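See below for the structure under consideration.
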Amino acid sequence: MNNSLGNTARMLGAGLRALLVLTVICGVIYPLAVTGVAQALFNDKANGSEIKSDGRVVGSELIGQTYNLPKQNPDDPEEAAVPDLKWFQPRPSNGLGSNSVNSQYSIILSGATNRSGDNEDLIQWVKDAKAAVVKDNSTPGYKVKPEDVPAEAVTSSGSGLDPHISPEYAKLQVHRVAEKNHLDVKQVGKLVADHTDDRTLGFIGEPRVNVLQLNIALKELTKN
């Protein structure tokens, strides 16, 4: 009996010592080491690829956000968001919280619609979105044709959080943004060109424009 109790006590002691050692190694030393290496070598990415404007964080270059006018009735969840047309608009998404270029955003939910290409609701959404893009981006001197509206202007990404649009969609918005901000079209067009990223390594992916970075540059331009 005494030997049995002694063996049990020794096993419990060994288990507790192992637990303590592994807790210190895996729960303290390892996380601190990984965090230290990440902060030293990949500081920007480790902190969420944050983007700053006027000295404060306004978002991440990896997560999209919307640019809508304030709601007439903030307490009404059914009130549809209305885009603030002085800003470049991102891909449509029901997964992004309302935001402006000056404030951090809060994400409500994210995800794809999970509807097939022949789904009647999805088809109607795309038609309505295309009509809205044509209407919103047409100006007295520039008319948008329905066939010129790119696919990502009327469909959300799989995650609902894509921060990029194509250069074609950004250029389609140039005349409207210039008019709303009382800027020259060439100025705004150059802004888009300057913020167009090429394919990664020259062959991976497609050219793209980060909407948040573009709108921050637009904000700086309108200050002058």
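Would you confirm whether any residue within the stretch 29-40 is outside the structural domain of residue 168 (by TED's automatic domain parsing), touching a helix residue (DSSP H, G or I) at 6+ places or on another chain (Cβ under 6 Å) and aliphatic (A, V, I, L, M)? For the stretch 29-40, residues outside the structural domain of residue 168 (by TED's automatic domain parsing), touching a helix residue (DSSP H, G or I) at 6+ places or on another chain (Cβ under 6 Å) and aliphatic (A, V, I, L, M): present. At positive phi, surrounded by 10 or more Cβ atoms within 10 Å (Cβ to Cβ) and among the small types (Gly, Ala, Ser) - does that describe any residue in the stretch 39-48? Within the stretch 39-48, one or more residues are at positive phi, surrounded by 10 or more Cβ atoms within 10 Å (Cβ to Cβ) and among the small types (Gly, Ala, Ser).
Mind checking whether some residue in the stretch 1-10 is of a type in the set (Val, Ile, Thr), part of a helix (DSSP H, G or I) and more than 21 Å from residue 192 (Cα to Cα)? So far as the stretch 1-10 goes, yes, one or more of its residues are of a type in the set (Val, Ile, Thr), part of a helix (DSSP H, G or I) and more than 21 Å from residue 192 (Cα to Cα). Residues in the stretch 177-211 that are touching a strand residue (DSSP E or B) at 6+ places or on another chain (Cβ under 6 Å) and among the basic types (Lys, Arg): 208 only.
Number of residues in the stretch 28-58 that are part of a loop (DSSP other than H, G, I, E, B) and either within 23 Å of residue 219 (Cα to Cα) or polar (S, T, N, Q) (or both): the value is 5. Residue count for the stretch 96-118 under the criterion of being modelled with pLDDT under 55 and either buried (at least 19 other Cβ atoms within 10 Å of the Cβ) or of a type in the set (Ser, Thr, Tyr) (or both): the result is 8. Pull out all pairs, ordered by first then second residue, where Cβ-Cβ is under 6 Å, the residues are six or more apart or on different chains, the first lies in the stretch 7-19 and is at pLDDT below 90, and the second is among the aromatic types (Phe, Trp, Tyr). Final answer for the pair search is none.
The values are calculated or read from the model by the stated rules, or taken from the named source; none is laboratory data. Predicted, not measured: the structure shown is a model, and the values here were computed from it. Heads up, the Cβs are rebuilt from the backbone with ideal geometry, glycines too, and the neighbour counts pull from every protein chain shown.
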